[in-house]
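Notes follow the structure.
The values are calculated or read from the model by the stated rules, or taken from the named source; none is laboratory data. Please read all numbers here as calculations on a predicted model, not as lab measurements. Note that we place each Cβ from the backbone using ideal geometry, even for glycine, and neighbour counts take in every protein chain shown. In case anyone asks, the SASA skips ligands and DNA or RNA and just uses the protein heavy atoms, side chains included. Shrake-Rupley method; radii C 1.70, N 1.55, O 1.52, S 1.80 Å.
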Amino acid sequence: MDSGSAEVVVKTGRSRERSVNEALHYLAMEVVPPPFRAPRLVSWGSEGMVLRRLDGAVLGEGKILDRHVPPTTAQQCLDLALSTAGWESPVDGHRVDYRRRLGWGRERGLLSTAEIDLLGEHERRADRRFQHGDLIPSNVIVDAGGVGVIDFEWSGRSAVNGLDWATLLVNGWRAESLRSTFLGARMAMTADGILNWATAICHELRQVERDGGQSSWAREARDLYGQQIPLLRDAMARWMT
């Protein structure tokens, strides 16, 4: 639960593990400034975390972006998603389980065994970078000066570069300017980008299956993520050849 004032945000109700991970990342930013805009930690204790509020409004109210995004903002979002890997974070943080996410996709027939095996082989060889880990529209703050990011509960340096790019792509898919900007980036043609795009789709569909049931929201979400799979497989085919 988040509350606070015009100047600060008070975060409570998170699990201890997630709260500790987020606090450690904010503390690390005081020592090693990141190449992106983020809140400053004011205090942290048993009653919650107090953060200096970032100026601006969220890119989207929920996980899935459902409104138009100006091309300039779309480019700023791409720059943000690519900049996170440039932070030399000293915190290990949350570990992304690529094997489990891709394994779920194989069980559901989203990708073939050959495709999953190829992605898994690349994941085992790929370099690890810092990634925010949950770069969804409601965690991106937009104002006249650019964009910033909040909520570092799932952050860590165990991910393959491109996870943040893929997470914002799959959840911002409905915004044509953002979709075209992200797909036009070099990341979309790399093994890192394809691996993370596949992983993000599998992760989101797994969450919908777990939490959504047969609600109208779940049906819309399954359609949104599912319609990306043919384009993903086309990209994979080009990479495999």
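Quick check on segment 65-82: of everything there that is of a type in the set (A, V, I, L, M, F, W, C) and open to solvent by less than 30 Å² (accessible area, probe 1.4 Å), which residue is nearest to LEU135 (Cα to Cα)?
ALA81
Residue-wise test of (1) touching a strand residue (DSSP E or B) at 6+ places or on another chain (Cβ under 8 Å); (2) open to solvent by 20 Å² or more (accessible area, probe 1.4 Å); (3) more than 19 Å from SER138 (Cβ to Cβ); (4) among the hydrophobic types (A, V, I, L, M, F, W, C).
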site	(1), (2), (3), (4)
ALA23	yes, no, yes, yes
GLU30	yes, yes, yes, no
PRO35	no, yes, yes, no
LEU41	yes, yes, yes, yes
GLU47	no, yes, yes, no
VAL50	yes, yes, yes, yes
ALA57	yes, yes, no, yes
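Against the test of being within 30 Å of GLN228 (Cβ to Cβ) and touching a residue at least 60 places away in the same chain (Cβ under 8 Å), the options GLY109, GLY105, GLY86 yield a single qualifying residue, GLY105.
Here GLN207 fulfils each of the conditions (1) exposed (fewer than 13 other Cβ atoms within 10 Å of the Cβ); (2) within 19 Å of the chain's Cα centre (by Cα) apart from (1). Inspect all residues belonging to segment 199-217 and state whether any of them is among the aromatic types (Phe, Trp, Tyr), assigned to a helix (DSSP H, G or I) and touching a residue at least 40 places away in the same chain (Cβ under 8 Å). Among the residues of segment 199-217, not one is among the aromatic types (Phe, Trp, Tyr), assigned to a helix (DSSP H, G or I) and touching a residue at least 40 places away in the same chain (Cβ under 8 Å), which makes the answer no. When segment 106-116 is filtered for residues that are assigned to a helix (DSSP H, G or I) and either under 13 Å from THR199 (Cα atoms) or in contact with a helix residue (DSSP H, G or I) (Cβ under 7 Å, 6 or more places away or on another chain) (or both), the ones remaining, listed by number, are ARG106, THR113, GLU115, ILE116.
Which of the residues spanning segment 142-153 are open to solvent by less than 10 Å² (accessible area, probe 1.4 Å) and among the hydrophobic types (A, V, I, L, M, F, W, C)?
Hits for segment 142-153 are VAL149, PHE152.
I'd like the full set of residues that are part of a loop (DSSP other than H, G, I, E, B) and of a type outside the set (Ser, Thr, Tyr), limited to segment 4-42. Within segment 4-42, ALA6, GLU7, GLY13, ARG14, VAL32, PRO33, PRO34, PRO35, PHE36, ALA38, PRO39, ARG40 qualify. One residue stands out in segment 83-105 among those that are polar (S, T, N, Q) and in a helix (DSSP H, G or I): the one that is surrounded by the most Cβ atoms within 10 Å (Cβ to Cβ), namely THR84.
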